[in-house]
Structure formats: structure tokens, C-alpha cells
1. If you take all C-alpha pairs in segment 316-368, what percent of them are over 12 Å apart?
2. In the structure shown, do any of Lys272/Lys300; Lys219/Lys291; Lys14/Lys110 have a Cα-Cα gap over 23 Å, and if so which?
3. What percentage of the solvent-accessible surface of the chain, computed with a 1.4 Å probe over protein heavy atoms, is contributed by carbon and sulfur atoms?
4. Work out the length of the dipole vector of the chain about its Cα centre, built from +1 on the beta-carbon of each Lys and Arg and -1 on the beta-carbon of each Asp and Glu, and round it to the nearest 20 debye.
5. Taking the Cβ of Lys431 as the center, what net charge do the other residues with Cβ under 15 Å away carry, scoring Lys and Arg +1 and Asp and Glu -1?
6. Where in the chain is the longest stretch that carries no GluC sites (Glu not before Pro) classed as loop by DSSP and with at most 16 other Cβ atoms within 10 Å?
7. Hey, got the Cα dimensions of segment 224-310 along the principal axes, in Å, largest first?
8. Based on the alpha carbon coordinates of segment 2-160, what radius of gyration and maximum Cα-Cα distance (Dmax) apply, in Å?
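The values are calculated or read from the model by the stated rules, or taken from the named source; none is laboratory data. Since the structure is predicted, the reported quantities are computational estimates derived from the model, not experimental observations. Note that we place each Cβ from the backbone using ideal geometry, even for glycine, and neighbour counts take in every protein chain shown. These area figures cover heavy atoms from the full protein model, side chains too; ligands, DNA and RNA do not enter into them. Shrake-Rupley method; radii C 1.70, N 1.55, O 1.52, S 1.80 Å.
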Amino acid sequence: KGVVAIVGRPNVGKSTIFNRILGERVSIVEDTPGVTRDRIYGKGTWLTQDFRIIDTGGIQLENQPFQEEIKAQVEIAIEEADVILFIVNGRDGVTGDDEFIARMLRRSGKPVVLAVNKIDDATLQGNIYEFYALGLSEPIAVSGSHGIGIGDVMDALVEAFPEKQQPELEGIRFAVIGRPNVGKSSLVNALLKEERVIVSDIEGTTRDAIDTPFEQDGKHYVVVDTAGIRKRGKVYENIEKYSVLRAMSAIERCDVVLFVIDGESGIREQDKHVAGYAHEAGKPIIIVYNKWDAVEKDEKTMNRVTEQIRTQFVYLSYAPILFVSAKTHQRVNTLLPMIEDVYHYSQLRIATNVLNEVVMDAQLTTPAPTHNGQRLKILYASQVAVAPPTFVLFVNDPQLLHFSYRRYIENRLREAFGFDGSPIRIIARSKD
Ligand code: GDP
């Protein structure tokens, strides 16, 4: 897998090319409240190569001079990407800002693919030569709006991906996500400092180093993106979009998500973005209500907060909630067993005959309601995937599977098999 980041000054066509590269595939599939709709992050495949792509143009600093903003965007790209796609405008010629960006990129030593945009037809081809002066790779002519040259750019990007495949680290991979200051790093540190945890010292490239492997009671784990959590002090660290971006990237690469909420300040709008993404990614989720030590409480507080969380995150009804304190280490030792638990459920495969017994029994107890005189009939069910567990219902007419009946079937599956912490997907297919 390679990570591509797109940089360039405003209006050179970054978002157009970003969308071209992704085609239609990354449009958000599910309608989860609170998910950020601005697309700054996506994933795709080009010739057998999986890649992830970031449009840094969507990460904006507020109240910062223009140059500072570009600088932050390029820094983010350098930090996050394996290859950088630098886009310039073939109608404007080389500008001072282009030179400024080129200088930063050259200094970083990261591979750069240079695309000259707005070369909409052959008569403009000659415009690309002056961009050799940027001292980067050979300029490639593209037209974002006409979809020309995108394949050439993809070839060049894939070619520039680092050769060496990273050794897969052993163990369940979990990501600790949440908005800034909820206590993610404190929590990771608390976990790693718990007795009998052995943090392995694995030499590797900088990319390897962002994942921290450790072992407890003979079991292996990897905390994804720990360096991102620990490293501090960059101007852009607290930009919401950047933290969402980091979270998205960590969620992609993990098996289990710890979604951290700050118990001291309570649930905020921003919490929902990150949670929504984890849900859509189909990863098992544990809700970690941190700073429990700082919450003034009586015997009813835990129930009240639980109710609040359930109301605010309706779509996460399957996620267990843990009340912890990274500061006093209260219940920090319950995190790993819970991670094991939800991981297990996300990987669970149900034997076909058992599955069909449950589904048929559910249908018998409560048949689907009729719509315009027609009724959904489930003929047969089959589990087609794990992580998340995905079920196909072969039915008389897929259109007849409505939200409430889908929810009913999901609930029956959960009653029968658990699936704690794990989203499950139900797909209706026509029997033929
Ligand atoms: P991150 O940005 O999510 O990684 O948050 P940090 O781990 O840097 O924590 C932000 C602030 O919250 C720091 O001042 C921590 O000391 C504090 N903090 C973290 N966990 C707890 C906790 O469990 N209880 C209390 N009272 N404070 C905490």
C-alpha cells in the first residue's frame, strides 16, 4: 500500500484531479450523521496496487497568512505520504509559490510526481517544458477537467512507491482515535506502562515506527499510529481536518478502533466525525470514556452518561463503553481483554446451517411487513465475509428489504451470536 498526497497552490485543480483519480468509488456509502462530507481522503486501486490519497488542499489553516497555509499543507504531505503529487497550472507558468513548494519538496527527499494541469488539448503541450525548471521529476501533462493524462500520473505514482514491503507486525492492530486532548496519548502511555507489557524495540523505516508493537501475557498487539499521537508541536496538529485525516488513515490500517471521548468536557460535535468514519469503515469499535477521575459522580452517573452516549451515537449501539482514567489507570487493564473480545466477534464465521436456523426462525416469528401488497421472503442466508461480518440474504425481491426489517434481522443475529463491538452488514440479493 502506498500513500499519495496532493499538493499545489489554490486553484491549480487539486480537487478535480483528486476526484478523477478516485472515480466514483469513494463516495460515502452510508448516511451517518456527522460524517465530514468534504473529501480530503480516499482509497483506490491502480493495476493491482492499493493506494490511499490525501488532498491537502482541503486542510485549511484559519487566520494564517497564505504562505503559512501552503507550508503547513506541504509539511503534512511530506509527513504522511510515500509519494507526493505536485500539481501546477500549465496556463500560469511557474509562479513564486510553485518555486516555494518545489524547494520544500526537494529538501524533503520524498519522491515527487509533477503534473502540469489544464493542458486540455495538444496545442498547449508546449506549456509543460518550463516546469523542468522546478528541478523535480519530468512534468506530465494532464487535464483534470477533461480527464486526460490521469493514467500516466497513476503509473508514475505507483512506480515511485517504495519498493520494500514492510514486514507485517504480528498481533491485533488497534487505533486510538478521538479529537485532540481527549487523552489518547495518555491512554496509550498508560497501556504501555501497565505491568508485564513488553514494548518491542523493532528497528525500521520511519513508517514502521509509527506503529508500536507490544506483548502482554504472551499475546501480541500493535498500537497503530502511536508516533502521530506522541509527536507534538506542529502548527497544523490541532486543525480539525488534519486530526480527522490522521484518524481515517489509522482506522484504515487497524483491526479494532478505540474511540476516546473526554469525560471532563463531554461529547462534542467533532467527536461524531471520527466515530462516523470508524463506523463506515466497518471496524469493531470500543467507546472509551476517559478522564473518569475528573467527572463528579454519584451512583447514577454511569447510567446517565451511557444513555447520553447511546443517544448521541445511535449508529454505534453495538459498541461497548468503558469508563476509564488514563491518569489514575482506573480500568485501563480492561482495555486489552475488550479488544480481544470485539476482535473475536469481528472475525466470527457462522456455520451456514446454524445461520439459516436463526434467520428462518426470525422470519417465522416476525414475517416482514407487506409493502403495496408485497412481502419480502428470505429463502436462504449466507455469510460471505468477516471484518465486518457480512451476510447475504437471498430473497424474492431485494427492494422489499426495508430499514426496520434489516434492523430486526440484525438484532436477531446479535442475540444469537453476539458480535459485540462489531458492525455487521446485511445485503439482500435476488434468488436468481
Ligand atoms: P491527546 O491529544 O488525545 O493525545 O490527549 P493527551 O493524552 O495529550 O491529554 C490531554 C490532556 O488531558 C493532558 O493534559 C492530560 O494530562 C489530560 N488527561 C489525559 N487523560 C486524563 C485522565 O484520565 N484524567 C485527567 N484528569 N486528565 C487526563
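1. 75 percent
2. Cα-Cα > 23 Å for Lys272/Lys300; Lys219/Lys291; rest within.
3. Within the chain, the accessible surface is 48 percent carbon and sulfur.
4. Taking the Cα centre of the chain as origin, the dipole is about 780 debye.
5. Net of charged neighbours comes to +1.
6. Longest site-free region, per DSSP loop and neighbour criteria: 300-432.
7. 39, 31, 21
8. Spelled out, the Cα radius of gyration and Dmax of segment 2-160 are 15.1, 48 Å.
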